[in-house]
Structure formats: C-alpha cells, structure tokens
1. I'd like the full set of residues that are farther than 25 Å from Asp197 by Cβ, outside any helix (DSSP H, G or I) and hydrophobic (A, V, I, L, M, F, W, C), limited to the stretch 111-156.
2. Go through Gln53, Gln59, Gln84, Gln90 for me and flag whichever is modelled with pLDDT of 95 or more and under 27 Å from Ala151 (Cα atoms).
3. Looking at Arg159, Arg108, can you tell me which residue is buried (at least 19 other Cβ atoms within 10 Å of the Cβ), in a loop (DSSP other than H, G, I, E, B) and at pLDDT 95 or above?
4. Keeping to the stretch 140-162, report how many residues are among the basic types (Lys, Arg) and either farther than 17 Å from Ala127 by Cα or touching a strand residue (DSSP E or B) at 6+ places or on another chain (Cβ under 9 Å) (or both).
5. Looking for whichever is surrounded by fewer than 20 Cβ atoms within 10 Å (Cβ to Cβ) and in contact with a helix residue (DSSP H, G or I) (Cβ under 7 Å, 6 or more places away or on another chain) here; the options are Glu149, Glu153. Which one fits?
6. Take Leu72 and decide whether it is touching a Cys at 6+ places or on another chain (Cβ under 8 Å), more than 30 Å from Glu149 (Cβ to Cβ) and either part of a loop (DSSP other than H, G, I, E, B) or modelled with pLDDT of 95 or more (or both).
Amino acid sequence: MKKFVITIARGYGSGGRTIGRMLAEKLGVKYYDKDISKMASEDSGINESLFAQNDEKAQSIFKKPKVYSGKLIPPESNDFVSPQNLFAYQAKAIKELAEKESCIIVGRCGDYILKGTEGLIRAFIWAEPKTCVENALRLNKFSTAEEAEKAIEKIDRERSAYYKQHTGHEWSDVRNYDLCLNTSELDFEKCVEILCDYIEIKAK
C-alpha cells in the first residue's frame with residue numbers, strides 16, 4: 001500500500017480520538033495527537049507548556065484571522081512565542097511526519113496544513129449533542145449532563161475559532177474534508193471500517 005496520511009478533525013465527545021487510535025492500531029501506523037506539541041517544543045526550544053496553553057484555542061474570536069503562511073518567526077523577534085509561531089512550529093512537525101511515514105494525525109488543522117499532499121485523507125468526526133454528552137459522561141469526565149453540555153459547547157467553540165484564526169476557513173465546512181462521519185449513526189468500529197475502505201479505494 002502506498003504511503004497515506006489521515007487527518008482527523010473532531011467534535012468534542014464524538015469519539016474522534018478513539019477512532020483515530022483504533023484506526024492506527026488496525027493499520028499498524030502511528031497515531032499523533034498531543035505528541036505534536038512536544039515535537040514542536042523540542043524543535044523550537046519554546047517551552048512545551050506554551051504550546052499546551054494555545055493548543056486548539058484562538059487568541060480571540062474578535063481578532064482578524066492571521067492565516068498560516070508556512071513561515072517561522074526567528075528567535076530574536078518579539079513574536080517568537082506568539083500563537084502564530086507556535087502554530088507554525090506545530091505545522092512544521094505535521095509536515096515532517098507526513099513526509100516520512102503513513103500515520104494518523106488528530107486536530108491542529110492538519111487537513112489545511114497538508115492540503116495537496118499525496119495520499120492525504122481528511123476526515124471530520126461529529127455527533128449529535130446528545131451522543132457527545134453521553135460519551136463524555138461515560139468517560140467520567142463530568143458529573144452532570146448539564147456540565148458536560150456546557151464544556152462541549154465551549155471546547156467546540158474554541159476549536160472552531162482556532163481553525164478560523166489559522167486557516168481563514170470554517171472548521172465545520174464539509175468542503176474541508178473528504179469524509180464526514182456521524183457517530184450518532186455509526187459506531188466506532190464501522191467508522192474505522194469505512195476509513196479503511198476509503199484508503200483502499202484511493203490507492204487504486
């Protein structure tokens with residue numbers, strides 16, 4: 001099979017991370033999520049905690065997007081640890097991973113960063129609010145359904161703003177993706193099966 005890279009954007013509570021891990025295990029490839037921040041930190045010398053603080057969060061929903069250009073800001077600049085440069089270093093790590101191996105990459109605008117890459121499959125995993133709340137409660141992340149619902153809304157709002165900030169596009173726009181899978185209708189195993197089938201179709 002030719003080299004491939006699958007990027008997974010996901011709504012909180014949809015099971016996107018779980019599907020990504022399951023898919024990586026089935027295909028025998030590596031799964032990258034928060035590891036990307038660590039790689040970017042090691043490459044840039046910027047403290048990993050700064051990447052964590054800005055991870056999939058926008059500066060402000062009211063600020064004009066500063067679309068990723070591919071450029072890195074040098075250490076002597078006052079903007080070296082700006083959100084734009086933190087994103088640029090994560091993007092560099094994502095590109096390097098995609099160049100060297102087949103893998104699964106979760107979040108961090110991977111679909112936008114790698115657009116045009118040969119063997120790229122861009123998936124968006126989502127679910128109805130009720131399903132997301134049920135999944136969050138099942139993982140014992142929250143005490144009540146109301147608490148879970150508020151957290152889901154906040155996190156998805158942040159992810160959407162982050163995507164807009166760095167790409168200039170809407171996170172939930174289906175035109176950004178090759179496949180959109182609804183886990184309110186499909187279980188995780190079926191989503192993995194569909195993604196595997198799609199890889200085979202694209203490889204032909």
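1. Within the stretch 111-156, Leu139, Phe142 meet the criteria.
2. Answer to the check: Gln90.
3. Working: Arg159 fails: in a loop (DSSP other than H, G, I, E, B).
Only one candidate passes the filter, namely Arg108.
4. So the count comes out to 2.
5. Details: Glu153 fails: in contact with a helix residue (DSSP H, G or I) (Cβ under 7 Å, 6 or more places away or on another chain).
Sole residue among the options that is surrounded by fewer than 20 Cβ atoms within 10 Å (Cβ to Cβ) and in contact with a helix residue (DSSP H, G or I) (Cβ under 7 Å, 6 or more places away or on another chain): Glu149.
6. No, not satisfied.
The values are calculated or read from the model by the stated rules, or taken from the named source; none is laboratory data. Quick caveat, the model's predicted, so the values are computed rather than measured. Cβ atoms come from the backbone with ideal geometry, glycine included; neighbour counts cover every protein chain shown.
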